[in-house]
Amino acid sequence: MASDPTLRRLRQLRRDQRAQSESDLRYTIYVALMVLLIVGVPVIRMAILGLASPEIVAFVVSTAAPAVLSAVTGLLIAALVVLGRIRGPALVDPFRSAVVASNHLPRRQTLLRPFLVSTTQLVGVLVALALVLSAALAVAGAASALSVVVFVAATVLVGILAGIAWLGGQSLPPRSSQRIAAALAAVSLTGAVIPGGLLLTPWGWVALLYPSSGLAPWLALAGLAIAVLAASLVVPKLLDGIRGSELNAQAQRWTSAATFTASADLAGAFEQFRALPTVGRQWRAVQVVPTPILMFVRDIVGSLRTPERALLAALSLTVAGFLLASISAVPATVAWAPALLGGVIAFLALGVWSDGFRHAADTAVALPLYGFGVAKEIALHATLPVVGVLVFVGAGALTALAVGASPASVIVALAFALFIVIIRIMNATKGQMPLELLAPIPTPAGDLSGALVMMWQADALLLTSVLSLALTTSWLSTPVLLTLIPVAAVIVLAIARHNLANAR
């Protein structure tokens, strides 16, 4: 089969294409090396020195660190199974995808190379993170050279397992991948909590090797190697199981997203990945009830018709609430990390329940559909995200009390999450990007028009990030924060009102 003339011809075409783009490849490698040397090396150095600080080292070498690492690794593998349905590792461009989907060759041959490339990239990212963490531990004197080598080797093995799980998400039917992802997530969380649970899973073995372990390291590495070999046996079958229609759909979706991104239309790019309704087509979203209840029921029914999206939003808001409230439970020098991560996660998660804001903003230039203005419509659509914040962010924030968070930080977390709802309203009402931003802005440092476009696209996320970091400022006490958040909300609402007025 390796001498099949069709396969030889496809490979020859690929070699010809590479020969034509050899100069582009050299330029790309040059730019990548320059960015790594100028930007990457200082950032990596700062990360290593920051992680080597006594406060962080005390946390990463604590008795809870292996359990946290095991849970995070297991959840990452579960997330990759879900990601495989959106962007699998065996992905090629639309032309080659159409060729692969329509020829007679087994996909274990035609798709093996892109799978290996994607898995290698995934392993490279995980190894880079492991090296940064291990280097910080070594600098702080908390890890020996042998333990670093063993941990990095274990990361390589678990990265290969993660790549195979990623392929499984692309190959298996949607229901099977959903169940596998849910099972992996449940096992990961359970194994991290119960005594001795780290001995039961490969990602638990990796955690036991960090930064040192009572378990013989070679035994854990041998177990990981056996798990990788066993999982590798199913790779050919998984590659052959990739459906041609799904392969073409993924290739077309990502190509379209890249086109929208190149034209600075990030909203259009994200639109390519919006989940389609899978359940509840017979559910009645319109009831004979008062208008506020009607809008809430309509929004929640629309959200539950894509259950994965709604579940992800609920879980993400719970995690965000935990992170935002845990600011008071971590050392002040690292409090910015959970604050920033919690704010960004909350902003992204609330986008799932902000469809009503976008609908109201899109109809702002038309006649009122419901007999009232767009401001009232936005206020009615805010019911669902506000309830989601109170329920899920509140649950996550209350959970943070168990790890030492203060009750005041729980209130701040809820208030800030409600403020992010206001930011979502502003983001939904800003309309199309002004064409003036595309005009070149020559400066001695280069053309700044691209930077302005990116700032316009990500203004809401940047605002959320900056204000999340402000939560950790020492001179902003809880009473001051609870006073400034409503003031900031009024300002953001005024910006949203200005956006709507310009849209008309």
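The values are calculated or read from the model by the stated rules, or taken from the named source; none is laboratory data. Source: prediction; values computed, not measured. Because the Cβ atoms are built from the backbone with ideal geometry, glycine has one as well, and the counts that use them run over all protein chains shown.
On the basis of being surrounded by fewer than 23 Cβ atoms within 10 Å (Cβ to Cβ) and under 20 Å from F296 (Cα atoms), does A329 make the cut? Criteria not met by A329. Restricting L482, L500 to those that are within 20 Å of L324 (Cα to Cα), of a type outside the set (G, A, S) and either modelled with pLDDT of 85 or more or surrounded by 12 or more Cβ atoms within 10 Å (Cβ to Cβ) (or both) reduces the list to L482. No other residue among S70, S144 is modelled with pLDDT under 85, of a type in the set (S, T, Y) and surrounded by fewer than 19 Cβ atoms within 10 Å (Cβ to Cβ) apart from S144. Counting only residues that are assigned to a loop (DSSP other than H, G, I, E, B) and within 26 Å of V330 (Cα to Cα), which one in segment 399-452 is modelled with the lowest pLDDT? Once the filter is applied, the top-ranked residue is G404. The requirement of being closer than 30 Å to V99 by Cα and out of contact with any His (no Cβ under 7 Å at 6 or more places or on another chain) is fulfilled somewhere in segment 178-192, by at least one residue.
The residue list S134, S102 contains one member that is among the hydroxyl-bearing types (S, T, Y) and either closer than 17 Å to L157 by Cβ or touching a Leu at 6+ places or on another chain (Cβ under 8 Å) (or both), which is S134. Note on segment 406-419: residues that are surrounded by 24 or more Cβ atoms within 10 Å (Cβ to Cβ) and farther than 14 Å from P479 by Cα amount to 1.
Just to be sure, is S256 polar (S, T, N, Q), outside any helix (DSSP H, G or I) and modelled with pLDDT under 80? It is false that S256 is polar (S, T, N, Q), outside any helix (DSSP H, G or I) and modelled with pLDDT under 80. Counting only helices (runs of 4 or more DSSP H) wholly contained in segment 141-231, the ones carrying 2 or more residues that are among the charged types (D, E, K, R) and in the same structural domain as L83 (by TED's automatic domain parsing) occupy 174-193.
Only residues that are surrounded by fewer than 13 Cβ atoms within 10 Å (Cβ to Cβ) and more than 22 Å from L76 (Cα to Cα) were counted in segment 102-141, giving 3.
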